[in-house]
Amino acid sequence: MPDKVAIQLNDTHPSIAVAELMRILTDQHHMEWDAAWDITTRTFAYTNHTLMPEALETWAVALFQRVLPRHLQIIYEINRRFMKDVMHQHPGEAALWQRMSLIDESHGKRIRMAHLAIVGSHKVNGVAAIHTRLMKETIFADFHRLWPNKFVNMTNGVTPRRWLNQANPALAKLITRRIGNGWLKDLDQLRQLTALTSDADFCNDFVRVKRDNKVRLAQLIEQRLSIRVNPDSLFDVQIKRIHEYKRQLLNVLHIITLYNRIRAGGTAPPRTVIFGGKAAPGYRFAKLIIRLINDVADVVNNDSRMNDRLKVVFIPNYNVSNAEIIIPAADLSEQISTAGTEASGTGNMKLALNGALTIGTLDGANVEIRDEVGHENIFIFGMTGDCDRYKPVFDNLTCHGDYYRLMADYESYVACQDRVGQLFGDPSAWTQKAILNVAGMGQFSSDRTISQYAKTIWNVVPKARKQT
Ligand SMILES: *Cc1c(COP(=O)(O)O)cnc(C)c1O
């Protein structure tokens, strides 16, 4: 079976499949436990998508007992054998045994679904280099110590067919006219655009395409929201689920700073700050942030003193279809999560692929985007990934306010935004960096991700294609 089938557990939600396959092999096909377990662990692999503790789901033993009693028996047997191994490797470390067990005894008996996924898989991967490192050092440190080779990194990617060719046909056409269409299936070919940053015709065409896409988005905004935005202003875009760790609030604080500066007579290039994103149904605070953005937008957009130098837009119903219109029109991509909290991000890749410059923290795939596009072509600010080392010191200093440390990054964020404003005032320098961002996105094709999965986890090779 493992030679013909690979099952990738996409987060912990489907981990019950480990027990289900064991049930099918032992109960229905009458296999011995050891042979069944060998097939199961060679078939499954598990992708972890977040370090947020609330995502590490546990299911109550009582629920299992009532709904899936046979699966519960199997999980107990998996755990009995696993615990025997752990106790053999680490004798006398009772605290470690408790931490690693598939059963959490501390909050009423509960099954730790992530532990089931790790124990039942031959590979466990994170979705960006920093995320995989933190996964090995924090939430799964005990498992990494036991099985160092089980843990691998598979940096996420986005498909260039949707996020460039389909969403931005004008840019796709321009690129194809200059370097051919090989990039559609081999995104690394975008590196050839580097040489075109000194080609005036290409740069002018690139600017025209961006401007046309901004006009298209401005029309959508006017139609849906009756807000007029200036296509020559800096389109400053933050589109993603609304969550405290993604720090839409930090962006709102920056808007208020810009507002106060304009009221005090300061100058800065005109900006349109665009938000999109949904909150989880039960996440009250995130919904309050959406309301705040809309209220700040009302104040800013209706203040005649702004003289059209600042506009704020919240585009409702953020989804893939809307993303395909917003992303090609972005000048600036906001990727400002607290360092260490965003596993990878893929919005960051889509926006850079469409010629937006990134303002971001050293978090998730932003770190690797910086490596690919060059640190001089991206706006990095804020604390680095190891921000939790002195958390106890920090907590002592601040009691319990500002959990996601907006104040800690506020000053440096505003200073970095000032550099964005300055660069936007020099359109040719801006455009060069924008092109170099597109040129650096080859690494972030999902084709590369999938071929890494195929080689390292699934042990499959591409089937030769028929010539047509
Ligand atoms: C890409 C995408 C996301 C992920 O965005 P992040 O900025 O990586 O959080 C979320 N929603 C939609 C509709 C997307 O297209």
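Rule-based calculations on the coordinates, nothing more; no lab input. Please read these numbers as outputs of a predicted model, since none were measured by experiment. Counting neighbours? That spans all protein chains shown, and the Cβs are built from the backbone with ideal geometry, glycine included.
Computed FRET efficiency, Cβ-Cβ of A60 and I450, R0 45 Å: what is it to the nearest 0.05?
0.80
For n ≥ 4 DSSP H runs only, could you compute -39500 (n - 2.57) per run for the chain, divide by its residues and tell me the 222 nm figure to the nearest 500? All intermediate terms of the calculation are to be shown ahead of the outcome.
Working: 19 runs with 216 residues, N = 468.
It lands at -14000 deg cm²/dmol.
Would you mind computing, in nm to one decimal, how far apart the modelled labels at K185 and E137 are, each placed 7 Å from Cα along Cα→Cβ?
A separation of 4.1 nm, rounded to one decimal place.
Pick out, in residue order, every one of the GluC sites (Glu not before Pro) in the range 1-59 that is DSSP loop and has at most 14 other C-beta atoms within 10 Å; say none if there are none.
Passing sites in the range 1-59 are E32, E57.
Quote the charge dipole size of the chain about the Cα centre in Debye, to the nearest 20; the model charges only the Cβ of Lys and Arg (+1) and of Asp and Glu (-1).
Its charge dipole is roughly 1020 debye.
At 0.36 nm per residue, and after removing the present C-alpha to C-alpha distance, how many nm does the segment from D371 to D298 gain when stretched out fully?
That pair, D371 and D298, stretches by 22.4 nm at full extension.
Note down the Stokes-Einstein diffusion coefficient of the range 138-204 in µm²/s, whole number, using a Kirkwood radius over alpha carbon pairs, 25 °C, and 0.890 mPa s.
Reported coefficient: 165 µm²/s.
Here is the link list: K173/K214; K246/K311; K246/K433; K150/K246; K214/K350; K136/K433. Which ones come out longer than 23 Å on Cα distance?
Cα-Cα > 23 Å for K246/K433; K150/K246; K136/K433; rest within.
Please get the size of the charge dipole for the range 75-142, origin at its Cα centre, with Cβ charges of +1 on Lys and Arg and -1 on Asp and Glu, quoted in debye to the nearest 20.
160
With the calculation restricted to Cα positions, what are the radius of gyration and Dmax of the range 44-122 in angstrom?
Answer for the range 44-122, Rg first and Dmax second: 12.9, 36 Å.
Can you list the GluC sites (Glu not before Pro) in the range 81-140 that are in a DSSP coil and have 16 or fewer other beta carbons within 10 angstrom?
Answer by residue number: E93, E105.
Mean 1/r over all different Cα pairs, inverted: what Kirkwood radius does the range 143-256 give, in Å?
Values: mean 1/r = 0.0558 Å⁻¹.
One over the average 1/r among Cα pairs gives 17.9 Å for the range 143-256.
Could you point to the residue in S344, N354, I175 farthest towards the positive end of the chain's charge dipole, with +1 and -1 charges on the Cβ of Lys/Arg and Asp/Glu respectively?
I175
Once you compute Rg and the Kirkwood Rh from C-alpha atoms, what is the Rg to Rh ratio for the range 16-150?
Dividing the radius of gyration by the Kirkwood radius yields 0.95.
Could you work out Rg/(2.2 N^0.38 Å) for the chain, with Rg from alpha carbons only?
The chain yields a ratio of 1.09.
Quick one: helix 284-301 against the long Cα principal axis of the chain, what's the angle to the nearest 10°, folded into 0 to 90?
10
Find how many whole Å separate the alpha carbon centroid of the range 140-161 from the alpha carbon centroid of the range 246-272.
If we compute the Cα centre of each part, the gap is 39 Å.
Quick one: what Rg and Dmax do you get for the range 80-190 from the alpha carbons, in Å?
When restricted to the Cα atoms of the range 80-190, Rg and Dmax are 21.9, 67 Å.
Which log10 I(q)/I(0) values, to two decimals, does the range 186-238 give at q = 0.32 Å⁻¹ under the Debye formula with one point per Cα?
These q points yield log10 I(q)/I(0) values of -1.16.
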